[in-house]
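Heads up: the structure comes next, in structure tokens.
The values are calculated or read from the model by the stated rules, or taken from the named source; none is laboratory data. Values in this document were obtained by computation on a predicted structure and should not be read as measured data. Note that each Cβ is placed from the backbone with ideal geometry, even for glycine, and that neighbours are counted across all protein chains shown. The protein model used for the area step is the full one, side chains on, heavy atoms only, and it has no ligands, DNA or RNA in it. Shrake-Rupley method; radii C 1.70, N 1.55, O 1.52, S 1.80 Å.
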Amino acid sequence: MAILSGQARLAGVIGWPVAHSRSPRLHGFWLNRHSIDGAYLPLPVRPEDFQTAVRGLVAAGFAGANVTIPHKEAAFAVCDTVDPFAHAAGAVNTLVFQDGRITGRNTDGIGFLENLRQHGIDPAAGPALLLGAGGAARAIAAALRALGVAVTLTNRTAERAEALAVALPGCRTIAWDARDAALGDHALIVNTTSLGMTGHGDLMLDLTRAAPTTAISDIVYVPLETPLITDAKTRGLKTAPGLGMLLHQAVPGFTAWFGVTPVVDDALYDFVAGDL
Ligand code: ATR
């Protein structure tokens, strides 16, 4: 643990519970690498205390905070201004405090796109098929639409996909049962469901129906390599596993709070993955 000066910059992650969060480890790695006079703390805050806690952090001179489950929607409401991605997602994962004002951002979509690029995948290569319609799907769909990518949504509960398509022009929906048949029509397939996560069910996708140029992305990172990613690799498809999205979504917050733009490299992957 670094020794802090009286001018140390402070940030953290607000969640309930927060003990499982990888963010303190991730930001701690960067603080250490850049010898920054600052700290990034786990901040366990009950839902009913969220507003009070955020106002307290502002009053105490914090530079900002990440926000995780279950506070992302409440964080949207507490902001003075939000960026277009937060607006599209209706949720905020990064708060920046400046001159008593609170700016909210949603960096999940940027993290998703940067992860694809780092794995040699062009997000704008063609239509994308998104499996799932939760908060992560919303942020990812908004980021892809901002690039002009045609997005197909499919979800076990069809109404959630339809509601998302109404909110985001340029998205269409197909039935959950039609997902395999649709694989061949898409350049990018993204799993935003919890299927494939340790302890959850498997995502059964028939990748024999995907074109050889199709790229496969997963937001699940426990295990680090999901059965979907393993299957895609075996077939020679380009892949972007989920941990990279977690690492890349953290970059804008760190930059805003600590004034250094950190890089996502192998050493960071190894450090964060070592804890999973
Ligand atoms: P988040 O907001 O973090 O994305 P979420 O809202 O719980 O999380 O979304 C999880 C996604 O996984 C949803 O799309 C969910 O489908 P439903 O909307 O039908 O619940 C999907 N999901 C979870 N378990 C699933 C399963 N067994 N089969 C198919 N989809 C599943």
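Within segment 16-37, if we keep just the residues that are part of a loop (DSSP other than H, G, I, E, B) and of a type in the set (D, E, K, R), the residue that is surrounded by the most Cβ atoms within 10 Å (Cβ to Cβ) turns out to be ARG22.
In segment 1-15, how many are open to solvent by 20 Å² or more (accessible area, probe 1.4 Å) and either touching a residue at least 12 places away in the same chain (Cβ under 8 Å) or touching a Pro at 6+ places or on another chain (Cβ under 6 Å) (or both)?
Total meeting the criteria: 7.
For segment 243-261, the criterion of being over 30 Å from PHE62 (Cβ atoms) and more than 13 Å from the ligand (Cβ to nearest atom) is met by no residue. For segment 203-218, residues that are within 22 Å of PHE112 (Cβ to Cβ) and within 16 Å of the ligand (Cβ to nearest atom) total 4. Within segment 216-237, how many residues turn out to be in contact with a helix residue (DSSP H, G or I) (Cβ under 8 Å, 6 or more places away or on another chain), touching a residue at least 40 places away in the same chain (Cβ under 8 Å), open to solvent by 20 Å² or more (accessible area, probe 1.4 Å) and not aromatic (Phe, Trp, Tyr)? Within segment 216-237, residues that are in contact with a helix residue (DSSP H, G or I) (Cβ under 8 Å, 6 or more places away or on another chain), touching a residue at least 40 places away in the same chain (Cβ under 8 Å), open to solvent by 20 Å² or more (accessible area, probe 1.4 Å) and not aromatic (Phe, Trp, Tyr) number 2.
Out of LEU153, LEU116, LEU129, one residue alone is closer than 17 Å to HIS186 by Cα, hydrophobic (A, V, I, L, M, F, W, C), away from the ligand (no atom under 15 Å from the Cβ) and in contact with an Asp or Glu (Cβ under 9 Å, 6 or more places away or on another chain). It is LEU116.
Among the residues here, ALA250 does not qualify as touching a Phe, Trp or Tyr at 6+ places or on another chain (Cβ under 9 Å) and at pLDDT below 95. Within segment 244-256, the set of residues being of a type in the set (A, V, I, L, M) and either crowded, with 24+ Cβ neighbours inside 10 Å or farther than 14 Å from THR192 by Cα (or both) comprises MET245, LEU247, ALA250, VAL251, ALA256. Among the residues making up segment 20-41, those that are under 18 Å from the mean Cα position of the chain (by Cα) and free of Cβ contacts under 8 Å to residues at least 60 places away in the same chain are HIS20, SER21, PRO24. Just one of the numbered conditions (1) away from the ligand (no atom under 16 Å from the Cβ); (2) part of a helix (DSSP H, G or I); (3) open to solvent by 10 Å² or more (accessible area, probe 1.4 Å) is not true of ARG179: (1).
Residues checked against (1) at pLDDT below 95; (2) assigned by TED's automatic domain parsing to the domain that holds VAL67; (3) touching a helix residue (DSSP H, G or I) at 6+ places or on another chain (Cβ under 6 Å):
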{"position": "MET1", "(1), (2), (3)": "yes, no, no"}
{"position": "VAL13", "(1), (2), (3)": "no, yes, yes"}
{"position": "ARG33", "(1), (2), (3)": "no, yes, no"}
{"position": "PRO42", "(1), (2), (3)": "no, yes, yes"}
{"position": "VAL45", "(1), (2), (3)": "no, yes, yes"}
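Mind listing whichever residues of segment 163-176 are open to solvent by 30 Å² or more (accessible area, probe 1.4 Å) and either under 18 Å from the mean Cα position of the chain (by Cα) or more than 11 Å from the ligand (Cβ to nearest atom) (or both)? Those that are open to solvent by 30 Å² or more (accessible area, probe 1.4 Å) and either under 18 Å from the mean Cα position of the chain (by Cα) or more than 11 Å from the ligand (Cβ to nearest atom) (or both): VAL166, ALA167, PRO169, GLY170, ARG172, THR173, ILE174, ALA175. Listed by position, the strands (runs of 3 or more DSSP E) inside segment 44-125 whose residues that are surrounded by fewer than 21 Cβ atoms within 10 Å (Cβ to Cβ) and over 15 Å from the mean Cα position of the chain (by Cα) number at least 1 are 94-98, 101-105. Among the residues making up segment 184-197, those that are within 16 Å of the ligand (Cβ to nearest atom) and open to solvent by less than 40 Å² (accessible area, probe 1.4 Å) are ILE189, VAL190, ASN191, THR192, THR193, GLY196.
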